[in-house]
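A.B. asks: Take this structure first; my questions come after.
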Amino acid sequence: MSSDEPRQTIHGSTAPSTDTREARMGEGADDRFNSKLREAFGTSPFILTKFDQFMNWVRGNSMFMLQFGIACCSIEMIHTYAIKHDVDRYGAGVPRASPRQADVMIVPGTIVSKFGPRMKRVYDQMPEPKFVVGMGSCTISGGPFQEGYNVVKGAEEIIPIDIHVPGCPPRPEALIYGILKLQERIQNGESSPVVVKPYELEEFGDLPEDELVQKLASEIDEDDLVMRYNWADSP
Amino acid sequence: MSTGTESMPEDATDRVDELADLLGSRALTREDHVNAPGFVVNPGDVQDVLFDLREKAGYDHCSCVTAQQYEDRFETIYHLKKYADPTDEVSIVVPTPLDEPVSQSAEPVYRTADWHEREAYDLVGIEYEDHPDLRRILLPETWQGHPLSASYDQEKPQVVTLSEHANPLEPDHEDPESDTMFLNVGPHHPATHGVLHVKTVLDGETIAHIEPDIGYLHRCEEQMCQQGTYRHQIMPYPDRWDYVSSGLLNEWAYARAIEDLAEIEVPEYAQIIRTLGSELCRIASHMLALGTFALDVYGEFTATFMYTFRDRELVQDILEDLTGQRMMFNYFRVGGVAWDLPEPREEFFEQTRDFLDELPAKVAEYNDLITTNEIFQTRCIDTGVLEPDVAKDYGCTGPVARGSGVDYDLRRDDPYGYYENLEWDVVTRDGCDNYARVLCRMEEVEESAKIVEQCLDVLEGWPEDDREVQANVPRTLKPDADAEVYRAVEAAKGELGIYIRSDGTDKPGRFKIRSPCFSNLQALEEMSQGEYIPDLIASLGSLDIVLGEVDR
């Protein structure tokens with residue numbers, strides 16, 4: 001039995017399993033790797049495409065999401081992963097607990113000053129290419145908490161974001177739509193320009209000297225990582 | 001009871017007189033609040049007075065500590081209650097001068113005051129003598145200024161550090177006797193239910209010391225509420241404190257406080273709808289607690305977790321029909337609810353009844369899957385033990401307290417809404433462990449279902465021409481200047497209290513939130529001492545905290 005026989009033969013076969021083993025050791029693709037699609041293409045099919053396009057197609061259809069819960073939106077995000085909405089159907093639903101194994105980060109909630117540097121660190125730990133979905137109004141502008149003394153006015157102040165899903169919180173359907181839009185963009189090889197200068201995570205010693213830096217100099221080491229928020233300049 | 005609206009009942013007057021006798025000359029003046037008598041005491045007498053109130057008068061529940069700044073002084077208010085009778089309240093008011101805001105700490109009397117006073121120091125800037133560890137709690141250590149004090153300038157830049165994870169292993173080895181190890185859990189970790197950071201020190205495999213580090217979701221909820229007008233602008237925010245679909249329960253906390261402050265009578269029909277919606281919220285909230293707990297203790301991502309989310313979806317559908325939103329309902333109004341039940345009413349009743357009819361079979365299924373599961377029992381029974389006295393000392397409430405045998409439920413003990421007219425029981429368990437807390441929640445789901453069913457019966461028979469959903473409330477609500485109230489309701493996680501001080505305008509002068517999770521989380525250290533890391537995770541799960549409510 002070789003690979004260029006039609007797949008249908010398998011169904012009627014009553015031969016002992018040794019046949020299968022021999023067949024596996026033979027040349028060409030195993031029957032188990034066969035598919036209706038492959039049959040449709042003939043005996044030894046091949047396709048011609050641009051490598052970049054192929055890679056983008058693959059990327060878009062296999063997205064590992066970072067398991068990243070922040071605030072209210074994370075509850076709707078869990079609902080999107082769970083029964084009924086099940087985002088796994090679109091090849092985008094494997095939540096990974098470690099950022100080093102994830103391609104896509106959904107930012108589901110308000111970013112406050114204390115969490116900003118942590119989020120930046122998590123984002124930096126993700127391997128390239130990486131994409132970010134901003135979920136909810138807080139990641140767009142700070143949402144209902146925009147006037148808060150402690151709230152970063154949009155996740156885009158810290159990391160670049162590819163897709164914004166508005167809502168407070170967005171329904172699971174809206175998040176799925178956002179994820180599908182992201183897949184579409186990835187498949188087309190599009191990426192978002194970074195429009196806002198992000199708050200940087202930098203060494204304390206590199207900050208420009210001013211009153212505040214001088215005041216904190218006794219508390220913070222020169223090579224500690226810090227994030228400096230300029231609240232007055234925030235949008 | 002024959003209580004006039006203005007005059008106090010006789011036994012209450014007696015009670016206040018007894019308190020005045022007990023405090024003697026230490027009580028400088030009286031400063032009564034809408035909910036309780038208040039006594040002003042000197043900053044140096046705090047511990048003395050509180051000790052007496054706890055030991056001699058039986059006020060064993062330090063519900064909340066409110067700090068605020070007036071034009072001429074700082075003020076700390078200790079809201080005390082009794083676990084046996086939460087309607088028996090007293091406020092201890094401690095003024096401190098602007099130039100030297102130092103007052104005695106209440107931590108030696110009530111353990112729970114530890115975090116409350118740290119928060120007061122962090123946000124308002126009052127310092128507490130004798131406090132074991134007075135540091136910032138919600139804002140980063142390097143923050144400049146105290147945001148809820150009058151002199152704070154919000155425009156100023158801030159610098160926040162990302163300290164590399166410290167490893168005390170090395171310095172500890174300098175001392176040959178010690179070989180502890182440091183382990184970070186969070187702030188980005190699937191088992192912390194949000195952005196909680198638990199600094200853990202291990203001795204071998206057991207936990208020597210833990211310190212929850214909170215504030216990663218401090219979104220200035222109190223400031224937001226102080227900037228909003230009473231009538232409409234505050235109500236959307238409570239939905240976002242405890243965002244696990246407990247929205248209506250939280251909204252009720254604000255509604256109850258403002259309605260008491262402004263003396264608004266809510267129509268009975270609206271109270272029934274409120275009760276109905278709130279108990280549906282409780283079911284949804286406990287379902288999530290159960291599902292994520294199963295996820296934490298035996299990694300059951302497929303079965304239990306998915307089942308609980310299936311049921312949550314059903315509840316959310318019903319709530320969406322009622323309120324128009326899946327999670328952030330904004331359905332309560334001051335003096336009632338936004339609108340009547342959805343039309344056609346029969347369909348709504350039928351859908352809700354269908355859900356209730358199927359619920360017992362589902363609860364039985366959960367019991368098969370979870371509570372009778374051997375692995376589950378091994379992980380939960382006798383782990384995370386919280387003794388009743390310790391629970392009271394830490395101000396624990398809700399299923400956490402009831403799982404430790406503390407029979408305390410504001411729906412029954414301090415009745416509001418329509419609960420008084422319904423048949424239901426308060427669930428308590430004596431296990432004091434993780435298992436007891438989980439069982440408590442599961443049984444509460446059944447009790448809530450009972451309440452919902454009775455509400456449906458009443459609503460179905462309600463005369464059509466008497467469906468008043470809102471009281472007549474002035475367009476601009478301005479409660480009397482300097483009126484103060486602290487009111488609490490039984491939210492999904494426990495006692496959710498609101499303190500409002502009116503300054504005569506249409507916005508609150510001070511709006512303080514007493515979150516049950518904040519107090520409950522404080523007990524985590526006590527529960528996990530000497531246990532293994534997996535037990536810590538189970539304890540954290542069984543506390544069922546929501547970081548939005550812990551950090552506010």
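The values are calculated or read from the model by the stated rules, or taken from the named source; none is laboratory data. Just so we're clear, the structure is a prediction, and the values are computed from it rather than from any experiment. With ideal geometry, Cβ positions are generated from the backbone for all residues, glycine too; neighbour counts draw on all protein chains shown.
A.B. asks: Looking at region B:39-51, is at least one residue outside any strand (DSSP E or B) and aromatic (Phe, Trp, Tyr)?
C.D. replies: yes
A.B. asks: Being surrounded by fewer than 23 Cβ atoms within 10 Å (Cβ to Cβ), farther than 20 Å from A:Pro172 by Cα and more than 12 Å from every other protein chain (Cβ to nearest Cβ): is that true of A:Lys130 here?
C.D. replies: yes
A.B. asks: Right, something else. From the set of residues in region B:128-181 that are away from every other protein chain (no Cβ under 14 Å), within 30 Å of B:Ala67 (Cα to Cα) and not in a loop (DSSP other than H, G, I, E, B), which is modelled with the lowest pLDDT?
C.D. replies: Among residues in region B:128-181 that are away from every other protein chain (no Cβ under 14 Å), within 30 Å of B:Ala67 (Cα to Cα) and not in a loop (DSSP other than H, G, I, E, B), the one modelled with the lowest pLDDT is B:Glu129.
A.B. asks: Against the definition (crowded, with 24+ Cβ neighbours inside 10 Å and basic (Lys, Arg)), how does B:Arg282 come out, yes or no?
C.D. replies: Yes, satisfied.
A.B. asks: Pick out, from region A:137-235, the strands (runs of 3 or more DSSP E) lying fully within it that include 3 or more residues that are away from chain B (no Cβ under 14 Å) and modelled with pLDDT under 85.
C.D. replies: So the answer is none; nothing clears 3.
A.B. asks: Sticking with this structure for a sec: If a residue has to be at pLDDT below 75 and farther than 15 Å from B:Glu211 by Cβ to count, how many in region B:182-195 make the cut?
C.D. replies: So the answer is 2.
A.B. asks: Can you name every residue in region B:320-337 that is farther than 17 Å from B:Glu268 by Cβ and part of a loop (DSSP other than H, G, I, E, B)?
C.D. replies: Once the filter is applied, which keeps residues that are farther than 17 Å from B:Glu268 by Cβ and part of a loop (DSSP other than H, G, I, E, B), region B:320-337 yields B:Gly324, B:Gln325, B:Arg326, B:Met327, B:Met328, B:Phe329, B:Asn330, B:Tyr331.
A.B. asks: Considering each of B:Tyr70, B:Tyr83, B:Tyr128 in turn, give the residue that is surrounded by fewer than 18 Cβ atoms within 10 Å (Cβ to Cβ) and of a type in the set (Ser, Thr, Tyr).
C.D. replies: Going through B:Tyr70, B:Tyr83, B:Tyr128 in turn, the sole match is B:Tyr70.
A.B. asks: A follow-up question, please. Would you please name the residue that is nearest to B:His232 (Cα to Cα), looking only at residues in region B:466-504 that are among the hydroxyl-bearing types (Ser, Thr, Tyr) and at pLDDT 90 or above?
C.D. replies: So the residue we want is B:Ser502.
A.B. asks: Of all helices (runs of 4 or more DSSP H) completely enclosed by region B:206-304, which ones contain at least 3 residues that are under 16 Å from the mean Cα position of the chain (by Cα) and small (Gly, Ala, Ser)?
C.D. replies: So the answer is B:247-261, B:268-298.
A.B. asks: Can you name every residue in region A:195-227 that is surrounded by 10 or more Cβ atoms within 10 Å (Cβ to Cβ), under 16 Å from A:Ile159 (Cβ atoms) and basic (Lys, Arg)?
C.D. replies: Selection gives nothing.
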